[in-house]
Amino acid sequence: MEKLELSQVVQGFWRLNTWQMDSQTLNRHLNELVEMGVTSMDHADIYGDYTCEGLFGQALKLSPNLRDSMQIITKCGIELVSKTQKLHDYHQYNYTKEHIEASVERSLKELNINEIDLLLLHRPSPLLNPVEVADTLKGLHQGGKVKHFGVSNFKRHQFDVLQKAMQSIGLNLEYNQVEISPLCLENIEDGTLNDMLTRDVDIMCWSPLAGGNIFKTSETNRVLQSVAKKYETTIDDISYRFINQLPNKIHPIVGSQNIQRTQIAQKAMNSSLDSKDWFEIYKATLGRDIL
Ligand SMILES: NC(=O)c1ccc[n+]([C@@H]2O[C@H](COP(=O)([O-])OP(=O)(O)OC[C@H]3O[C@@H](n4cnc5c(N)ncnc54)[C@H](OP(=O)(O)O)[C@@H]3O)[C@@H](O)[C@H]2O)c1
């Protein structure tokens with residue numbers, strides 16, 4: 001099966017329930033995103049206390065053909081005790097067949113679609129049984145409910161054990177969605193990005209602006225400001241360029257409700273930084289010089 005192509009920049013909907021957009025406004029927003037080439041939409045069952053998929057689905061309904069121009073991503077595997085809905089009574093990870101299938105059914109209904117383009121397992125769990133999970137995912141694939149699969153926040157060994165089970169039954173994990181920003185170097189430092197490069201697995205990067213924390217006072221913010229001044233641009237532009245400079249194919253997931261801010265990300269992913277500037281930002285977050 002051909003790998004799923006995502007748009008270079010992905011739009012994230014974690015914060016959608018705070019955007020205060022009615023369905024018409026959100027529908028216009030979605031049309032604008034697709035027109036500018038941001039066609040991949042990132043969700044999870046749990047976003048907004050289980051409400052974001054539904055808000056998106058209501059807006060999608062207003063342009064029935066729009067869905068065909070999108071790649072819709074969602075996730076499963078976390079159970080939250082919701083404040084508003086009686087779904088689960090305990091906070092845990094759950095990768096049983098029963099939970100995965102129920103979560104997918106709910107996502108399809110909420111998103112108002114017939115098939116999920118890319119389903120991600122949201123976080124690794126010590127109790128995840130790779131053979132059972134692969135078998136469940138195969139059923140969803142054969143039943144026409146999910147086209148492609150990936151993971152999120154998985155380290156190499158967690159990735160490898162599931163990929164082995166997947167590939168033994170003719171499926172493939174195509175993406176790993178992990179946190180990367182000028183303030184979060186974890187997946188660079190611990191080798192996850194190198195591991196995924198070796199395995200030919202592309203990266204989606206969440207919270208590329210550290211959830212807005214790049215704008216707060218810190219040594220990294222000070223360096224970002226000084227680099228931005230040099231390039232006569234903004235620190236969000238510099239942050240996306242910082243991510244773009246890494247050797248992996250990386251799709252930043254923009255969390256902003258502001259379309260101009262998504263455009264900044266799009267433009268930045270065709271721009272670069274002088275390596276000296278890249279290392280200044282890197283060292284600021286490391287809090288020390290390199291060896
Ligand atoms: N797989 C996972 O475990 C996981 C975890 C977290 C998130 N995600 C995904 O990643 C997506 C992005 O995460 P994120 O929302 O944390 O991303 P982010 O882009 O790092 O942060 C977005 C936040 O920064 C603010 N912001 C952006 N530009 C700004 C500016 N110029 N000045 C001031 N504030 C600014 C936004 O506010 P405005 O809306 O006002 O612009 C928004 O509150 C999520 O939507 C979700 O799809 C995945």
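The values are calculated or read from the model by the stated rules, or taken from the named source; none is laboratory data. The shown structure was predicted, so the numbers you read here are calculated from the model rather than taken from an experiment. Don't worry about glycine lacking a Cβ; one is built from the backbone with ideal geometry, like all the others, and counts go over all protein chains shown. Quick note on the areas: whole protein, heavy atoms, side chains included, nothing else; ligands and nucleic acids left out. Shrake-Rupley method; radii C 1.70, N 1.55, O 1.52, S 1.80 Å.
What the table shows:
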quantity	calculated
Which numbered condition Ile46 fails, given (1) more than 14 Å from the ligand (Cβ to nearest atom); (2) out of contact with any helix residue (DSSP H, G or I) (no Cβ under 6 Å at 6 or more places or on another chain)	(1)
All positions within segment 1-24 that are farther than 15 Å from Leu118 by Cβ and either aliphatic (A, V, I, L, M) or away from the ligand (no atom under 14 Å from the Cβ) (or both)	Gln8, Val9, Leu16, Met21, Asp22, Ser23, Gln24
Selected residue [touching a strand residue (DSSP E or B) at 6+ places or on another chain (Cβ under 8 Å), open to solvent by 20 Å² or more (accessible area, probe 1.4 Å) and either over 28 Å from Asn94 (Cα atoms) or among the aromatic types (Phe, Trp, Tyr) (or both)] from Thr39, Thr25	Thr39
Extreme residue, nearest to Ile78 (Cα to Cα), among residues of segment 145-194 that are open to solvent by less than 10 Å² (accessible area, probe 1.4 Å) and hydroxyl-bearing (Ser, Thr, Tyr)	Ser152
Selected residue (criterion: nearest to the ligand (Cβ to nearest atom)) from residues of segment 101-124 that are open to solvent by 20 Å² or more (accessible area, probe 1.4 Å) and closer than 21 Å to Tyr175 by Cα	Arg123
Residue check for Asp237: more than 18 Å from the chain's Cα centre (by Cα), surrounded by 15 or more Cβ atoms within 10 Å (Cβ to Cβ) and within 23 Å of Met41 (Cβ to Cβ)	yes
Scope segment 75-104; condition among the charged types (D, E, K, R) and either closer than 24 Å to Phe154 by Cβ or without any contact (Cβ under 8 Å) to a residue 24 or more places away in the chain (or both); matching residues	Lys75, Glu79, Lys86, Asp89, Lys97, Glu98, Glu101
Some residue of segment 47-60 being more than 19 Å from the chain's Cα centre (by Cα), more than 20 Å from Trp206 (Cβ to Cβ) and free of Cβ contacts under 8 Å to residues at least 40 places away in the same chain	yes
First in segment 251-279 and more than 8 Å from the ligand (Cβ to nearest atom) and open to solvent by 80 Å² or more (accessible area, probe 1.4 Å), second anywhere and modelled with pLDDT of 95 or more and part of a loop (DSSP other than H, G, I, E, B), Cβ under 7 Å, 6 or more apart	Gln263/Met36
Filter result for Leu6 (within 18 Å of the chain's Cα centre (by Cα) and either modelled with pLDDT of 95 or more or part of a loop (DSSP other than H, G, I, E, B) (or both))	yes
Of all residues in segment 196-217 being free of Cβ contacts under 8 Å to residues at least 40 places away in the same chain and open to solvent by 30 Å² or more (accessible area, probe 1.4 Å), the one that is nearest to the ligand (Cβ to nearest atom)	Phe215
Enumeration of residues in segment 9-40 that are among the aliphatic types (A, V, I, L, M), under 13 Å from Ser69 (Cβ atoms) and outside any loop (DSSP other than H, G, I, E, B)	Leu30, Leu33, Val34
Top-ranked residue of segment 49-64 - restricted to ones that are within 14 Å of the ligand (Cβ to nearest atom) and assigned to a helix (DSSP H, G or I), ranked as farthest from His251 (Cα to Cα)	Leu55
